[in-house]
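Each value in this text was obtained by applying a stated rule to the coordinates, not by laboratory testing. Predicted model only: the values in this text are computed from it and were never measured. Reconstructed Cβ throughout: ideal geometry from the backbone, glycine too, with neighbour counts over all protein chains shown.
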Amino acid sequence: MLLAGDKILTINGQELNDFIDWEYLKNDDYYEIEILRNQKRLNFEIENPNFSDLGISLAEPDYITCENSCVFCFVHQNAPKLRKTLYFMDDDYRLSFLYGNFITLTNVTYSELDRIIEKGMSPIYISVHATDIDVRSKLLRGRNSEDNILGKLKYIASNGIEINTQVVLCPELNDNFVLEKTYLDLKALFPVLKTLAIVPVGLTQFRKGLTKVKTVDKNYALKMIETVSLWQKNCVKELKDTFVFLSDEWFILAGKEVPKAKHYGDFSQIENGVGLVRKFIDDFEKEFLTLPKAILHKKTITFATNSLPQKYIRQVAKKLCEIENLHVKVEVLESIFWGKEVTCSGLLTGIDYYEGLKNKELGDLVVLPPECLSFEGFFLDDWTLPELETKLGVKLMKFEGSFKEVIFGHKNLLKVS
């Protein structure tokens, strides 16, 4: 019998190095497990004909930390005295495979690339930023030709590992001809290198003593959309695929509509803000067709958001108000915590919600963005949902994707036709 604190050495004769090996080795109907307990080696045999969960949990591993000091790193722009986890910079290829975290590959050796290939860790998500060696070195601060980003990408792509890439676009640092070179270099690795997403740099008011980086404005966004649209047309013609994508912020900043769903293919980079707005709109329109035309009792709901996505939240609110007895409001908040230049709703903190919503008529329920809370239930400034509820004196709910759940969560609100 395995006990807490046992160290698993091998499973069926294969060495267990970390949780990745465990994921691959645990799915069997018979195990010979070698463990280390109190400096003694012990062996167990386990039969698992039904492939049941063994109930074994591995200790949290030491994750690979980022050794770069990127000029645009959001962690370096964090406020002081936040919880420790918000200052951790991971650059772990295992987390890239499991959760879609972007990594730079700067600290990944070729033996680790071989492990990625051997284990079939696909897809993997890579922050390229620039394929020009000197520019990438300046962006990552200190990296040089030993980084060999293109060589590493070619190596894993040639071995069938699917890759999604991103560029954090910093005006006058990695744009114009540098960006075009990056796009062409990565496009040459299609289709195994599946996507390139271009995301505008995000800046906070805590950017003290760091490299000066310009922000993206409306005119810049318009020019970027024009440029990338030409690349996309070329890709569709040559590759039969869009390949290069702009994150939603570009369209919102430019005051333009986001593309239709067909543009985004399988939405490979939706977690990177590519197609998130389109999916939100389309999902709402489908769900709205299933909602009743009235509810029994009057109800007022407030959606809280930041300035960037407000246009689309207002569209949804206006449509929901067509339901008899339902009134939906939108409150647009400023990011007091990070600074006014931070306009995405996912970065609003507990103090932002409190200061923006206090002393206002909020109705029966306030709905918050889905990404506003950590897995443990904390806002970025360590406030909790119950704490904010108490201070505001109103019911709060994090949006989980279902408007029916938000509005018609109680059967007595439904009006049966």
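Only loop residues by DSSP count here, and only those with at most 15 other Cβ atoms within 10 Å; note down the trypsin sites (Lys or Arg not before Pro) in region 190-232 that meet that.
Within region 190-232, the qualifying trypsin sites (Lys or Arg not before Pro) (loop, at most 15 other Cβ atoms within 10 Å) are K208, K212, K214.
Based on DSSP, what percent of beta bridges with both residues in the chain are antiparallel, to the nearest 5?
Restricted to the chain, the bridges split so that about 35 percent are antiparallel.
Distance from the Cα centre of region 242-284 to that of region 325-358, in angstrom?
Computed from Cα coordinates, the inter-centre distance equals 22 Å.
Quick one: of the DSSP bridges fully inside region 1-130, what percent are antiparallel, nearest 5?
About 95 percent, rounded to the nearest 5.
Counting Lys and Arg as +1 and Asp and Glu as -1, what is the net charge of the other residues whose Cβ lies under 14 Å from the Cβ of N176?
Around N176, the charge tally is -2.
Which residue, chosen from T195, L9, I116, occupies the Cα position most advanced towards the positive end of the dipole of the chain, where the dipole is computed from +1 (Lys, Arg) and -1 (Asp, Glu) charges on Cβ about the Cα centre?
Of the listed residues, the answer is T195.
I'm checking a number: the convex hull volume of the Cα atoms of region 106-231, normalised per residue, in Å³. What is it?
It comes to 115 Å³ per residue, whole-number rounded.
What is region 290-413's relative contact order, in percent, from Cα pairs under 8 angstrom and six or more apart in sequence?
Relative contact order here is 26 percent.
Going by how many other beta carbons lie within 10 Å of each one, how would you line up E331, E60, E257, fewest first?
The order, fewest Cβ neighbours first, is E60, E257, E331.
State the cysteines of the chain left without a partner when partners are defined as other cysteines whose beta carbon lies under 4.7 Å away.
Unpaired cysteines in the chain: C66, C170, C235, C321, C344, C372.
Treating the chain as a set of equal point scatterers at the Cα positions, no solvent, please give the Debye-formula log₁₀ I(q)/I(0) at q = 0.11, 0.14 Å⁻¹.
-1.00, -1.32
How high is the relative contact order of region 1-88, in percent, counting Cα pairs under 8 Å that sit 6 or more residues apart?
Rounded, it is 21 percent for region 1-88.
Could you give the Stokes-Einstein D for region 1-61 in µm² per second, using the C-alpha Kirkwood radius, 25 °C, 0.890 mPa s?
It comes out at roughly 205 µm²/s.
For every helix of n ≥ 4 consecutive DSSP H residues, a contribution of -39,500 (n - 2.57) applies; sum these over the chain, divide by its total residues, and give [θ] at 222 nm rounded to the nearest 500 deg cm²/dmol.
Taken over the chain, the calculation gives -9000 deg cm²/dmol.
Under the definition of Cα pairs under 8 Å and six or more residues apart, what whole-number percent is the relative contact order of the chain?
9 percent
With every atom except the alpha carbons ignored, what do you get for Rg and Dmax of region 316-417, in angstroms?
In Å, with Rg to one decimal and Dmax whole: 14.5, 48.
Among Y63, Y183, which comes first, second and so on when ranked by fewest other beta-carbon atoms within 10 Å?
Fewest-to-most ranking of Y63, Y183: Y63, Y183.
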